[in-house]
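Report on the structure given below.
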Amino acid sequence: MLGAAALTGTAALVLSACAGSIGGGSGGAGGGEGFEYGASQEEVDAVLEGLEPVTLTFQPGAASAESIMSPAATEIADRIEERSGGMITVDLVWGQAVAGYDTVQDALADGRLDLANTLPGYSPAEFAAFDDLSTTTAMLPSSPFAGEFIAYAVYSDLGWENQEILDSFDAAGLVPLTPFATTAGNYTTCREPLASAADWQGRQVRVGTTAQDTQVSGLGAVPVSMEYTEMFEALERGTVDCNVGPSPATAESGVLEVAPELGFTTTTSFPRTATTVMAGSRFEELPLAYQQIIFDSAGLGGGGFVQSYTDSAAELVRQSKEHGGEVRPLSEDTQSRLHTLSEELTAEAVSGGRLGEDFEERLAEGIESWTAKVEELGLADSGDMADFDEWYAEADYAEFARTVYESGAALEHRPGA
């Protein structure tokens, strides 16, 4: 999610020369024995016996291991190494050192990279169904805590259930491990408060997606597209008045130092971008057991994404207060207009026919179902964004990710299923 999207680890799977060729060892290229999900570690160790070790070069989107976004990578990496009993080593390379978001999909397809977190929304013509699904996230409930769990779970299922999305990845030579993971909720950071809908008129507002462009225009503001790395200077100089962006990138950019007025929604949402965890052309050459370990780890490590979202939301509140800003919900008239625009955007996305029949009903059912499950897991909100830094507490992100992985459609796509 760096840039328009703000978090998301970019991962590269590169097999070390010292570890032997891909698929080498007794398992054979893409073959060999697998194991059932939930097998004991002893059973997995027995299946891996005799296979050649490999090294995975994992390139997160985060700038460093200290980044607030790093759990999205470290959770997956740790699980791969632990489940493989050290047969798979993960080498984390920070700062998109292998391939940028504009080239990572090509690098996966041509074998330069084998595992990566990507942003298909940057190529809407190639991944039209993915782009449509991203637009519909405007209908999600908004909160800094429970809302992030609900969004991840609902759209994990919707991504796996959309055959057109899966087919578009296949056509590009990509293998989805998590085909659709919502990025973090979006917040406004401004030089001056947005106290009412009238305050949007004529404001220069930096946006990160075409759907946000439509919403901001509909509020009477002037949308500006720019890389998030240029955002601080633009806000500092007054070239733009506000930014609409997800919590991790906003927290890491430091923009609240110059634009400390923090706004949030309560009854509607700005559309989110989305990320994926992808494997490339060499993945299917790996022994089946290695494929299963990587696939399981990508699903079970998904809690790291949500942790980075909730951690960064609390950090936004802290930074706003530190720099003399006020944390306030967007006005009722603003949110009412946003909701109308969200309904229009969703209806347009659904009308293209790429999201399947009864999509809006399925979305509503998913939100209702996962709202109840999240509450059962003890992940309900205890306040609102204005004092999130005071009531935010650590959650069992691993248990949440396990629940999503085991109860959703992902296991139907597990290698060897």
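Restricting the count to DSSP beta bridges whose residues both fall in the range 181-324, what percent are antiparallel, rounded to a multiple of 5?
60
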Inset, instruction - Considering only A349, A46, A221, give the residue with the highest GNM mean-square fluctuation for the chain, with springs between Cα atoms whenever their separation is below 10 Å. - result: A46
Legend entry - Total formal charge among the other residues, if their Cβ is under 10 angstrom from that of P287, Lys/Arg +1 and Asp/Glu -1: -3
Legend entry - Theoretical ellipticity at 222 nm over the chain - DSSP helices of four or more residues, -39500 (n - 2.57) apiece, nearest 500: -12500 deg cm²/dmol
Inset, instruction - Could you work out which residue, out of A138, A298, A128, moves most in a Gaussian network model of the chain, that is, has the largest mean-square fluctuation with Cα springs under 10 Å? - result: A128
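May I ask you to give the average projected area over all directions of the convex hull of the Cα atoms of the chain, in nm² rounded to one decimal?
The directionally averaged projection comes out at 18.2 nm².
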Inset, instruction - For the range 185-245, run through the GluC sites (Glu not before Pro) and keep only the ones in DSSP coil with at most 13 other Cβ atoms within 10 Å of their Cβ. - result: E227
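Taking the Cα centre of the chain as origin, work out the dipole magnitude from +1 charges on Lys and Arg Cβ and -1 charges on Asp and Glu Cβ, in debye rounded to 20. Before the final figure, lay out each step's value.
Values: 18 positive and 67 negative charges, 173 e Å.
Roughly 840 debye, rounded to the nearest 20.
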Legend entry - Sequence of R237, R402 when ordered by accessible area, the most exposed leading, probe 1.4 angstrom: R237, R402
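Just to confirm a number: summing +1 for Lys and Arg and -1 for Asp and Glu over residues other than R79 whose beta-carbon lies under 12 angstrom from that of R79, what do you get?
Net of charged neighbours comes to -3.
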Inset, instruction - Name the residue, out of G366, G34, G50, whose mean-square fluctuation peaks in a Gaussian network model built on the chain with Cα pairs under 10 Å. - result: G50
Inset, instruction - Take the solvent-accessible surface of the protein heavy atoms, probe 1.4 Å, and return the percent of it on the chain that carbon and sulfur atoms account for. - result: 45
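In the chain, what percentage of the DSSP-assigned beta bridges are antiparallel, given to the nearest 5?
So the antiparallel bridges amount to about 55 percent of the total.
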Legend entry - the range 19-176 - percent relative contact order, Cα under 8 Å, separation 6 or more: 16
Inset, instruction - Please name whichever of S269, P120, A380 sits farthest to the positive end of the charge dipole of the chain, dipole taken about the Cα centre and charges placed at Cβ: Lys and Arg +1, Asp and Glu -1. - result: P120
Legend entry - Residue (of S407, F149, Y101) at the positive-pole extreme of the chain, dipole from beta-carbon charges: Y101
Inset, instruction - Just add up the charged neighbours of A184: K/R +1, D/E -1, any other residue whose Cβ is under 14 Å from the Cβ of A184. - result: -3
Inset, instruction - Write down the accessible area per residue of the chain in Å², having rolled a 1.4 Å probe over the full set of protein chains. - result: 37
Inset, instruction - Could you work out the relative contact order of the chain, using alpha carbon pairs under 8 angstrom and six or more residues apart, expressed as a whole percent? - result: 25
Inset, instruction - Any chance you could check the Cα centroid distance between the range 189-267 and the range 275-309 for me, in angstrom? - result: 33
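The values are calculated or read from the model by the stated rules, or taken from the named source; none is laboratory data. These figures come from a predicted structure and were not determined experimentally. As a convention, Cβ positions derive from the backbone with ideal geometry for all residues, glycine included, and neighbour counts pool all protein chains shown. Surface areas here come from the heavy atoms of the whole protein model, side chains and all, with no ligands, DNA or RNA. Shrake-Rupley method; radii C 1.70, N 1.55, O 1.52, S 1.80 Å.
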